[in-house]
Each structure stands twice: as C-alpha cells, then as structure tokens.
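**Q** Let me give you the structure first, and then I'll get to my questions.
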Amino acid sequence: MGAADAVPGVSGGTIALITGIYERLIAAITAVSPARLYTVAVGVFPDRRGDAADALRAIDARFLLVLVAGVFTAILTVTRVVHVGIQNAPVVTFGFFFGLIAASAWVLLSEVSLSTPRRVAAVVVGFSLAFVVSGEAAAALGQSLPVTVLAGAIAVSAMILPGISGSLLLIILGQYTYLTGTLSAFVDGLLGVVVGGPVEPVAENGAVVIAFVAGAFVGLFSVAHAVRRALDRDRATTLAFLVALIAGALRAPVARTTGRLVALGRSWTPTAVATFAAAAVVGAVLVLLLERYTGLADIDGER
C-alpha cells in the first residue's frame, strides 16, 4: 500500500482491495476515535488496563500497527527513488505519472453514469477544481506548515478510496515534489545524526514531517469519514466527482514537468515530448494490466 501511494495513479486502497484486507482496514479506521485513543492512553494506570486492552482490540491495533509499519517502510524507500527521478529525469518521471493517472481515470469511467443533472454538475465541478488547482493555483498555496497539515488531511482520504491515489492528491495541491524531497532530507538527517552529524536538518525537516502526519490524523477523523459518508449517501454522484477529479489532474504532470525543465534551463523539445509520451504509455499499460487481472475499477470493494 505504501509503494502504491508513493506514486500517483494507483492507490493504497486498491492494493488493500486486491490483497483482501480492504474491509478490515475500513472497519479499523472507522473504529478509531478520540475516546478510544484516550482510553488507550490512560491504560498506563493499573486499574484502566482492562479498558485499554478492550479499546485496542476494538480498533484492531495489532493489524494497524503492522500495516502502518509496512506502509511507512515502503514510502521511505519509494519516495526517495521518485524524488531522484523528478530532480534528474522529470520528463520520464512525470510522463510515467501522466500515464498512470490517465489510465486510472479511464478504467474508473465504467463506474460513472451521467444520467442525472446532479452527476453532470459533479463532473464539471470535479474536473474544473482539479484542473485549476493543478496549475497556477497550486503554486499559490505555498509550502507553509498549515498547508502541509491540509495536504496530509486530504491525502489520507486515499486510504479508503480504491482508485484514488494520495500522491495524486498531493500533485494536484502542488505539494508532492516538496514533501518527497523533505522526507528524503529528513531521513538523511537522521542517518547523519547517528554518525555524529548536525541535528539542524532533522529539526528543520522534522517539523514538516510532523505537520503532515498531524494532518493525516486529522483526516482520519474528518476527511476520510466525510468521503465515506458521501459514498454511502450518493455513491454515483460522489464517484462522478472523484473520477472527474482524476481527469482534471492530468494537467498536473505536464505543469510540473514544465516547471522542472525551466529550473534546469531546458524546455519542451520534440524529443522531450516523445519521451514523455513513451513513459506515459508504459504507465498506462501497467494500470490497464492491473485492472485486467485485479478489477481496479471496483472502487467500492464489492466483487
């Protein structure tokens, strides 16, 4: 799941669905509440340990702990590779992302029916929102800690949405490159401290990492639950909005490639366009193969 969420196009929720843990994941996430977390926290007192043990079982703590460990391990490794690709080979990297996103939108179209004005409106709003935010509006958000908290809250919603990638949401917000670079620098700083290096890089980048994680926890109690309720209340309209969001996000890889090429003192050339297109084909083929053999478009988890 961590490897999937580290790259846009395929979500961790899709991997959970494929591996058969999706329903258990949803049950565990929705069972987590401030009251149960408080009960666990006061379990340090002998007379409250029984209640704490019951709360841990209620949120399936052992399952979540092992899952989170695996997710973070994958994210730490995959995002490092992706960040290097963005810095040194932006055309290939973002072209690959473009293919992943485009194919994901294509296979999810089977879940969308535009038979009512409400669904048509949801598509228009979703596409427009993603298209606008993926462009200049993303740069306007900046890279402050409050924006990082917001990004974490939004990205975590991908955990419960097969077909929607947390990294895709970060790309739409213009935070993906910044956050992958910060995470890599944070890990490098930790390794440096172990061998006697300075702690300043850890403190500086650690604040951003903590802000993102804090936002993710906020998202678990707000965004993720809100999206799930929207799916339960009007699944068709919500799916129409989400698929349109993916389609509108296709602007993001192109815009990010352009920005990175400018930073490198380069520009779009026929060779760069052909390379971007070839990488996009590779990404699209991978998603289409995943759909063929696993059923990626089954976004609600029903077989």
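**Q** Percent of accessible area on the stretch 163-282 owned by carbon and sulfur, 1.4 Å probe?
**A** 72
**Q** Continuing with this model, one more query. Relative contact order, percent, of the chain when contacts are C-alpha pairs under 8 Å separated by at least 6 residues?
**A** 33 percent.
**Q** Roughly speaking, to the nearest percent, how much of the stretch 4-125's 1.4 Å accessible area is carbon and sulfur?
**A** Taking all protein chains in place, the stretch 4-125 shows 69 percent carbon and sulfur surface.
**Q** Could I ask something else about it? Once R0 is set to 25 Å, what does the formula 1/(1 + (r/R0)^6) return for the Cβ-Cβ distance between F63 and A226, expressed as a FRET efficiency to the nearest 0.05?
**A** Rounded to the nearest 0.05, the efficiency is 0.60.
**Q** Continuing with the same structure: Please give, to one decimal in nm, the separation of the simple spin-label points placed at V125 and Q87, each 7 Å out from Cα toward the Cβ.
**A** 4.1
**Q** How big is the convex hull of the Cα atoms of the chain, per residue, in Å³?
**A** Taking only Cα atoms, the chain has a hull volume of 148 Å³ per residue.
**Q** What's the extension gain from V195 to W268 if we count 0.36 nm per residue and subtract their Cα-Cα distance?
**A** 22.0 nm
**Q** A further question follows. Hey, what's the Kirkwood Rh for the stretch 171-289 if you take every pair of different alpha carbons, in angstrom?
**A** Here the Kirkwood hydrodynamic radius works out to 18.0 Å.
**Q** Taking the Cβ-Cβ separation of Y38 and A207 as r and a Förster radius of 35 Å, what is the calculated FRET efficiency to the nearest 0.05?
**A** The pair Y38/A207 has a calculated efficiency of 0.85.
**Q** Accessible area per residue of the stretch 178-248 at 1.4 Å probe, in Å²?
**A** Here the per-residue accessible area is 48 Å².
**Q** Next question. Where the convex hull is taken over the Cα atoms of the stretch 74-130, what is its projected area averaged over directions, in nm²?
**A** Average projection, Cα convex hull of the stretch 74-130: 5.5 nm².
**Q** Give me the 1.4 Å probe accessible area per residue for the stretch 1-69, excluding ligands and nucleic acids, in Å².
**A** 52
**Q** Now a separate question. When the chain is fully extended, how far beyond the present Cα-Cα distance does A53 get from R292, taking 0.36 nm per residue of separation?
**A** Between A53 and R292, full extension yields an extra 81.8 nm.
**Q** Using a Förster radius of 30 Å, what is the FRET efficiency between L76 and A31 based on their Cβ-Cβ separation? Nearest 0.05, please.
**A** With R0 = 30 Å, the Cβ-Cβ based efficiency is 0.65.
**Q** Mean separation of Cα pairs under 8 Å and 6+ residues apart, divided by the residue count of the stretch 89-194: what relative contact order is that in percent?
**A** For the stretch 89-194, the relative contact order is 23 percent.
The values are calculated or read from the model by the stated rules, or taken from the named source; none is laboratory data. Treat the numbers as computed from the prediction; the structure is a model and nothing was measured. Heads up, the Cβs are rebuilt from the backbone with ideal geometry, glycines too, and the neighbour counts pull from every protein chain shown. Just so you know, the surface numbers come from the protein's heavy atoms only, side chains and all, with ligands and any DNA or RNA stripped out. Shrake-Rupley method; radii C 1.70, N 1.55, O 1.52, S 1.80 Å.
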